[in-house]
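Participant: Just passing along the structure, written as structure tokens.
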Amino acid sequence: MFRKVLIANRGEIAVRVIRTLREMQIASVAVFSDADRASLHVRMADEAAWVGPSPSAESYLRIDRILDAARHHGAEAIHPGYGFLSENADFAAACEEAAIVFIGPSAESIRRMGSKTAARQMAIAAGAPVVPGAHETLGGPADARAFAQQFGYPLLLKAVAGGGGKGMRRVDSDAEMDAAFRDASSEAERSFKNPDLYVEKLIQRPRHIEIQLLGDRHGHMVHFGERECSIQRRHQKVMEECPSPLVAARPGMREAMGEAAIRVARSAGYYNAGTVEFLVDARGDFYFLEMNTRLQVEHPITELVTGHDLVRLQLEVAADEDLRLRQEDITWRGSAIECRIYAEDPYNNFFPSPGKITRLTHPEGPGVRLDGCVYEGWTVPIDYDPLLAKLAVWNGTRETAIARMLRALREYDVGGIHANIAFFRQILEDEEFRAGRLHTDFVDEFLERRKPLTPPPELESIAALVADFHAKHTAPRAESAPPQRSQWRDIGRHEALR
Amino acid sequence: MNPIEAVEPGVYSVLVDGRSYEARVEESDSCVVVFIDGHRFEVEIRDPRRWSRQSGKPVVEGRLNVTAPMPGKIVRLLVVEGDTVESGQGLLVMEAMKMQNEMKAPKAGRVVSISAREGATVAAGDVLAAIE
């Protein structure tokens, strides 16, 4: 096994990897940009290396600097986390050239799966079902219109190099095509430095269900079942659960999806952890969507239900150990849910809300797992994804897991910035959600139908009481503070002087 | 016994009629925001002995500026000067923290000025547009 591993990432995933490294008595090397000097992953790691200024293009995406740091610190392997360089085939290849183990699949597998059109062709060859779509990069809006003539609207324009909904647009008619094509293409260019698009028939109100895989370098591969990731906002997953309520109700579906996923991965010569994403229609038919050649954000719920540490397994197979797990060793117990806690304002169109965390209370107690990267007094930087933490809970059934998540969210308090905690509580109380009728437009429809929260009448007077008390008893700001005078502070000062 | 106990900075434990509540207080420029059990209350303090709760956002008369809530980049303008807009209609798209967000009209009216330019970087508080 490795003695020292560098984590080419930041935030909660860097912290999560460090935790397993420490449990395995492997030394950890963090990397950080200017914005992250005080970040938790740097505080927790055994060693840390500065890799550049705050913009990720000048730090976390700099292959040369990451490799320099690994060499300088004597790291034998690099864990890429998710995002940043995790699905960059050139990075995987550069690691290999530098004789540093990349904890992930081969550069070749990343390359093959990284092109969505190539991945699709591979899935077709492996006998996995796919959504009807054009197999080649589109030359322009006219090509997409020709596709619509054959398969009809609505259709979906997608970035060839894409992921996470960036560079993706729904198109409902010929008239919308030009604008949608231009927007998707420019967003793809900005996000991935590649403006190429392809087109797919849109499956309406699909579920998004994915299969977790893990294989060793010797051709042995197992699946860890599914995660339901249909709760998305702007095509970004915000809440995931395992098992999927749909799969749980259909005998044999998990096995069928798992086998299809393994077939696709095998055809790419895949090893290490990966996830095959499927769209599932109302009938329960599933279609290959793409393969993510990295550890997923939402992996903790699989860990909670199967009892396996996926990062530990990643490290073992990366160190060329045989995967001793057989498929029949993997069992699923109970139900797990994860909420992605973001620094964003649910009361104001989910606008990002960076800033200093002035107050922080974490949920605790039975069945609660928190993968976070924040602490009181830390300033959430504006330079990166505003994910603060992933709150996951486990319980015996879906119903009790929902109750546990509601309980945990009530204990969770983040002050000084906004977080989307109240939003999750509303979803968890929603009848459609509780009935397990999920699909990828769920959140949009929910936001339309949700009623404004009506607080119990007594809370209003309690709020007034507390505000009054607060105004009277809070010491006025120090004189050196900027002259941000507001009426109530003047009153507070006046009261204090009396 | 005082029903309100300051337990942590900005956090108050309230006991009323034998029931226990926890309230968290944040200060904004114009009011005090109180959170109780996921509910949000904006309380305006006018006089220490008098208070009133703002019910929703007040209707603003006259010209209203739309400002950038945080540093970011203007991706696209959705309206031009002189356009009539509905409350909540998208005015422009701003990118911040890797996410694109539509800035919406805070009230119905006419777009009297747009100072934002596509591709421009803006700082928090910069005026992007004005509605009258």
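The values are calculated or read from the model by the stated rules, or taken from the named source; none is laboratory data. Quick caveat, the model's predicted, so the values are computed rather than measured. Please note: Cβ atoms are built from the backbone with ideal geometry, for glycine as well, and neighbour counts cover all protein chains shown.
Participant: Specify the residue that is farthest from residue A:190 (Cα to Cα); the eligible residues are those in the range B:75-108 that are of a type in the set (Gly, Ala, Ser) and within 19 Å of the chain's Cα centre (by Cα).
Facilitator: This residue is B:108.
Participant: Moving to a separate point now. Just give me the residues in the range B:48-71 being at pLDDT below 75 and more than 7 Å from every other protein chain (Cβ to nearest Cβ), in sequence order.
Facilitator: B:49, B:50, B:52, B:54, B:55, B:56, B:57, B:58, B:59, B:60, B:61, B:62
Participant: Still on this structure: So which pairs qualify, if the first residue must be in the range A:5-18 and closer than 20 Å to residue A:303 by Cα, the second must be among the aliphatic types (A, V, I, L, M) and in a loop (DSSP other than H, G, I, E, B), the Cβ gap must be under 6 Å, and the two must be at least 6 apart or on different chains?
Facilitator: A:18/A:45
Participant: Identify, please: which residue in the range A:401-416 is among the hydrophobic types (A, V, I, L, M, F, W, C) and within 21 Å of the chain's Cα centre (by Cα) and is, among those, surrounded by the most Cβ atoms within 10 Å (Cβ to Cβ)?
Facilitator: Only one residue fits best here, namely A:405.
Participant: Next question, about the same structure. Collect the residues in the range A:216-258 that are farther than 30 Å from residue B:95 by Cα and of a type in the set (Ser, Thr, Tyr), keeping them in residue-number order.
Facilitator: A:244
Participant: While we're looking at this one, here's another question. Give just the number: which of (1) modelled with pLDDT under 95; (2) closer than 28 Å to residue A:373 by Cα does residue A:285 not satisfy?
Facilitator: (2)
Participant: Taking the range A:33-42, which residues are surrounded by 15 or more Cβ atoms within 10 Å (Cβ to Cβ) and either among the charged types (D, E, K, R) or in contact with a strand residue (DSSP E or B) (Cβ under 6 Å, 6 or more places away or on another chain) (or both)?
Facilitator: Across the range A:33-42, the qualifying residues are A:33, A:34, A:36, A:41, A:42.
Participant: Still on this structure, please answer the following. Look at residue A:343 and say whether it is more than 24 Å from residue A:392 (Cβ to Cβ), buried (at least 16 other Cβ atoms within 10 Å of the Cβ) and assigned by TED's automatic domain parsing to the domain that holds residue A:382.
Facilitator: No.
Participant: I've got another one for you. For the range A:381-404, name all the residues that are β-branched (Val, Ile, Thr) and modelled with pLDDT of 95 or more.
Facilitator: The answer is A:393, A:397, A:400, A:402.
Participant: Under 6 Å between Cβ atoms, which residue pairs at least 6 apart in sequence (or on different chains) link something in the range A:312-324 that is at negative phi with a partner that is of a type in the set (Ser, Thr, Tyr)?
Facilitator: Cβ pairs passing all conditions: A:312/A:20.
Participant: Could you list, in sequence order, the residues of the range B:29-43 that are modelled with pLDDT under 90, at the interface with chain A (Cβ under 8 Å from one of its Cβ atoms) and either more than 18 Å from residue A:407 (Cα to Cα) or touching a Lys or Arg at 6+ places or on another chain (Cβ under 8 Å) (or both)?
Facilitator: Selection gives B:29, B:30, B:31, B:32, B:37, B:38, B:40, B:41, B:43.
Participant: May I pose another question? What do you reckon, is residue A:108 within 21 Å of residue A:217 (Cα to Cα) and out of contact with any Asp or Glu (no Cβ under 7 Å at 6 or more places or on another chain)?
Facilitator: Answer is yes for this residue.
Participant: Hey, could you check the range A:326-351 for residues that are facing chain B (nearest Cβ under 9 Å) and under 16 Å from the mean Cα position of the chain (by Cα) and say which is nearest to residue A:415 (Cα to Cα)?
Facilitator: A:343
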